[in-house]
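None of the figures in this text is laboratory data; all of them are computed from the coordinates on show. Bear in mind that the values here come from a model prediction, so they are computed numbers and not experimental data. Reconstructed Cβ throughout: ideal geometry from the backbone, glycine too, with neighbour counts over all protein chains shown.
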Amino acid sequence: MQHLLSVDDMKENYIFDLWSKAIDQKDNYSNALKNKILTNLFYEPSTRTSSSFYSAMVRQGGSVIPINNVKFSSAIKGESLEDTVMTMATMSDCIVLRHPVTGSVAKAANVSKVPIINAGDGEGEHPTQTLLDGFTIFYNNNEKIDNLRITMIGDLRNGRTVKSLVKLLSRYSGNHFNFVSPKELSFPKESLPKNAFETTKINNVISETDVLYVTRVQTERGSDHKYSLSLEQLNLLPKKSIVMHPLPRVSEIPREFDNDPRAKYFDQMRYGLWCRMVLLKDIIA
Amino acid sequence: MQHLLSVDDMKENYIFDLWSKAIDQKDNYSNALKNKILTNLFYEPSTRTSSSFYSAMVRQGGSVIPINNVKFSSAIKGESLEDTVMTMATMSDCIVLRHPVTGSVAKAANVSKVPIINAGDGEGEHPTQTLLDGFTIFYNNNEKIDNLRITMIGDLRNGRTVKSLVKLLSRYSGNHFNFVSPKELSFPKESLPKNAFETTKINNVISETDVLYVTRVQTERGSDHKYSLSLEQLNLLPKKSIVMHPLPRVSEIPREFDNDPRAKYFDQMRYGLWCRMVLLKDIIA
Amino acid sequence: MQHLLSVDDMKENYIFDLWSKAIDQKDNYSNALKNKILTNLFYEPSTRTSSSFYSAMVRQGGSVIPINNVKFSSAIKGESLEDTVMTMATMSDCIVLRHPVTGSVAKAANVSKVPIINAGDGEGEHPTQTLLDGFTIFYNNNEKIDNLRITMIGDLRNGRTVKSLVKLLSRYSGNHFNFVSPKELSFPKESLPKNAFETTKINNVISETDVLYVTRVQTERGSDHKYSLSLEQLNLLPKKSIVMHPLPRVSEIPREFDNDPRAKYFDQMRYGLWCRMVLLKDIIA
């Protein structure tokens, strides 16, 4: 059995192999997971992620027990996470777990008799998001992921998405990072990669960017640093660059840019489906 | 790709063809939609409609991502309806959309890369309800839908169901309407069909009725015009007439009438399943 | 058609036959219920039970319409339970019903055109729980269920689980019961089986026990009689005994005991899946 708790658990070979399979497969269906059952155990809601796993499982011929509703699942909240996981492990072949408390997924993996996939735990990781982010770059860059100029903008301090992706990209040689944010939301000093340039102004770096990774300012964290890139700014991007966003967006990117060939943020979701299909087949079949 | 936003979009030929297929098919299963995925995207709850689409999809061999819970789906409410729809379109083959705001479904259809089926948007349409209402008449009237005396009773002012069905029935020659309601809830003057008779007393028309379409008074709209047809009144209906109701009923029809051969309101749901099976196959396969 | 409302409805032969099939089948899949649809109609939440039926249905090749959310399903609460059941019966092949009001399931069965399985109604029965409890004993006792010393501990007054299991076990000869509880939570006098011994101290009986059935004290009932069995106490159990618990547990059994070969409370859930698979096939196919 093989859990997926962190991108750190995955060797480079494994990741490249998974990405190659994702490219071979694209939107194709299979029945590889016929009669197999996935439990979507979401202690906090994430329609996007849970739906993506749901769809990936079904496209491999399997089925999903959706436990998505916090209020509802609180019915078994009286019991420990471990007991709930041991219970669901008796009736399904894999558990995708999202939990608000950091470290919960590792606790679950300790007791589970079926593989656990981490779908985000608090300040911890959300490895399939990182996988699909990396894949988006790989797929749109002739299947390479090195020697790139990556510009990241938004709240770089609080989001786990950015930190995990930086860690992944730092494995490959020649990647350079531009971090664009107000000072209060800057990338954590202790995790800064070697080739990093920090600025508060996107215009300083946008024209020298291969990958623009845009994140929203999470207003639930009390910040009022909302921002919107203008069409004019986005048009400073090189023709072959790509624009990514983990979604949901608030106002960071104007809708008018959605049909630009550089806009890849909805394709990201589609690629995510491919990656999760390969991953589920690999883990469960 | 083909959206279904309004009954007006459907030509008579198309409707008759769909109904004929529904009759051929009845409760039979198929695997026509194997590995295909429908998203049930319900911004307001409707267990009846969402379950009917769910069942229809499964009976054609497909699967459904159920996003039914307002509270839960509000998690991605921060994002625009368009972004949510574009996201779900990357991971499913069709979206059934119910939304409380009139016009939302058209907005969704503008951006979606997969077909959208309108399952009700505010004061707007709910075309599959109209399709199944029309089919119920067609199927129980020797596959004809003209030259009928249709009596509609209840809140004729506020419900979209009645207005849409009247519009559909008015396409066919010889249909006569009796509208029975208190004055405050009368059928909107501007939409009155040619052959209409308005009254406040059901006894004036019930014995001259081929189709009795009963609707509940929606007490959430503040009206206190609840009413109950008695068994005696219902027995004034001709032997070959039929009684319909879009459900849920409150007290309009007594339970004792449920086993009367003229009672078709639960069959309506079954017919609805047949119609939706044909429609999903037609749109997705 | 065959409803399952009460264990009393099931003859001994039927139960043994079902259990034998469950043993033959174990975790194997089938497509016996391909294209068949189960409605999980839960008016009060029970993730464990609804998930178990979900998984059982899928492992037989079928699908499930999950109506799990009280808040959400209240949308059709305006209508009577009977109307909701008649509606869902038009679009599915079987209904699993959980309802907080005793007697509701019998009312539903009266009108339903498809089989109803009682998944718990108020103070009433939850027959598949009793079936899986009985099966756990049968399977771990060389396929016999007589001449056993059964010790039940916890709230014996309020739980339906204990009462139903005692009724089932009393059908077979030679079974002896030890009931361990504080006086306020003792087994109801009027239902006491013949061979019963009542005590407030587990240590009086634990070493003379073949089956230890542990239940939690339901604190929502205002009781403060929480208790915890210690590892030392549990080690007084004979080597060949088994420990059961309907779950969720609070603090009754220490986690350290979970890997003891006598601990069967998670296996119980797995056995429950087998029993429900056989039952669904028997009722629907």
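As a quick test, which of the pairs B:Lys201/B:Lys239; A:Lys11/A:Lys264; A:Lys163/A:Lys239; B:Lys21/B:Lys281; A:Lys26/A:Lys240; C:Lys107/C:Lys281 have an alpha carbon distance above 19 angstrom in this structure?
Numbers: B:Lys201/B:Lys239 21 Å; A:Lys11/A:Lys264 26 Å; A:Lys163/A:Lys239 27 Å; B:Lys21/B:Lys281 11 Å; A:Lys26/A:Lys240 22 Å; C:Lys107/C:Lys281 24 Å.
Those over the limit are B:Lys201/B:Lys239; A:Lys11/A:Lys264; A:Lys163/A:Lys239; A:Lys26/A:Lys240; C:Lys107/C:Lys281.
Which residue fluctuates most in the GNM of chain C (Cα springs below 10 Å): C:Glu252, C:Glu123, C:Glu190?
C:Glu190
Please work out the C-alpha center-to-center distance from segment C:94-112 to segment A:250-281 and express it in whole Å.
If we compute the Cα centre of each part, the gap is 45 Å.
Using every alpha carbon pair in segment A:68-192, what percent of pairs falls into each 5 Å bin from 0 up to the bin containing the largest distance?
Histogramming segment A:68-192 at 5 Å steps yields 2, 10, 16, 18, 15, 12, 11, 9, 6, 2, 0 percent.
Near the amide H of C:Leu4, under 5 Å away, which other amide H atoms are found, from residues 5 or more places off or on another chain, if H is placed in the peptide plane?
The answer is C:Ile116, C:Ile117, C:Asn118.
With only Lys, Arg, Asp and Glu charged, each at its Cβ (+1 for the first two, -1 for the last two), find how big the charge dipole of the protein assembly as shown is about the Cα centre; round to the nearest 20 debye. List each step's numbers first, then the result.
On the way: 105 positive and 96 negative charges, 95 e Å.
It comes to approximately 460 debye.
Grab the other residues whose beta carbon is less than 11 angstrom from that of C:Phe266, score K and R as +1, D and E as -1, and report the net.
Every neighbour counted, the sum reads 0.
What do you get for trypsin sites (Lys or Arg not before Pro) in segment A:1-33 restricted to DSSP loop and a cutoff of at most 13 other Cβ within 10 Å of the site's Cβ?
A:Lys11, A:Lys26
Quick one: which of B:230-237, B:158-165 comes out on top by average Cβ neighbours within 10 Å, and what's the full order, highest first?
Details: B:230-237: 14.8, B:158-165: 20.6.
The peptides rank, most packed first, as B:158-165, B:230-237.
Residue by residue through segment C:35-44, what is 3J(HN,Hα) from phi via Karplus (6.51 cos²θ - 1.76 cosθ + 1.60, θ = phi - 60°)? Round to whole Hz and write x for glycine and proline.
Karplus values, whole Hz, x for Gly and Pro: 6, 7, 10, 9, 9, 8, 9, 10, 7, 9.
What's the local net charge at C:Ile283, with K and R +1, D and E -1, over the other residues with C-beta under 11 Å away? Can you show the working numbers first?
Values: positive: C:Lys36, C:Arg276, C:Lys281; negative: C:Asp93, C:Asp282.
Result for the local shell: +1.
Could you give me the ³J(HN,Hα) list for segment C:84-91, computed from phi with Karplus coefficients 6.51, -1.76, 1.60 and θ = phi - 60°, whole Hz, x at Gly and Pro?
Listing the rounded values in order: 4, 5, 4, 5, 5, 5, 6, 10 Hz.
So for the protein assembly as shown, what percent of the C-alpha to C-alpha distances run longer than 38 Å? Before the final figure, lay out the partial values.
Working: 179393 of 365085 pairs.
When all Cα pairs of the protein assembly as shown are counted, 49 percent exceed 38 Å.
Just checking the output field for C:33-41: average partner chain Cβ neighbours within 10 Å of each residue's Cβ? Intermediate values should be presented prior to the final figure.
Values: counts 0, 3, 8, 3, 6, 0, 3, 0, 2.
Partner Cβ neighbours, averaged per residue: 3.
Through the Karplus equation 6.51 cos²θ - 1.76 cosθ + 1.60, θ set to phi - 60°, convert the phi angles of segment B:241-255 into ³J(HN,Hα) values in whole Hz; use x for Gly and Pro.
So the Karplus estimates, Gly and Pro as x, are 6, 10, 10, 10, 7, x, 6, x, 8, 9, 9, 5, 10, x, 4 Hz.
Using a 10 Å cut-off on Cβ to Cβ distances, tally the other chain neighbours for every residue of C:263-272 and report the average as a whole number. Kindly include the intermediate steps, with their values, before the conclusion.
Working: counts 0, 0, 3, 7, 1, 2, 6, 5, 1, 2.
Counting other chains' Cβ atoms within 10 Å and averaging over C:263-272 gives 3.
Name the long-range amide H neighbours of A:Phe197: under 5 Å, sequence gap of 5 or more, or other chain; modelled H, no Pro or chain starts.
A:Phe177, A:Asn178, A:Phe179
In deg cm²/dmol, rounded to 500, what helix-only [θ] at 222 nm does chain A give when every DSSP H run of at least 4 residues adds -39500 (n - 2.57) and the total is split over its residues?
Per the formula, -10000 deg cm²/dmol.
Please compute, for peptide B:88-99, the average count of beta-carbon atoms on other protein chains lying within 10 Å of each residue's beta-carbon.
4
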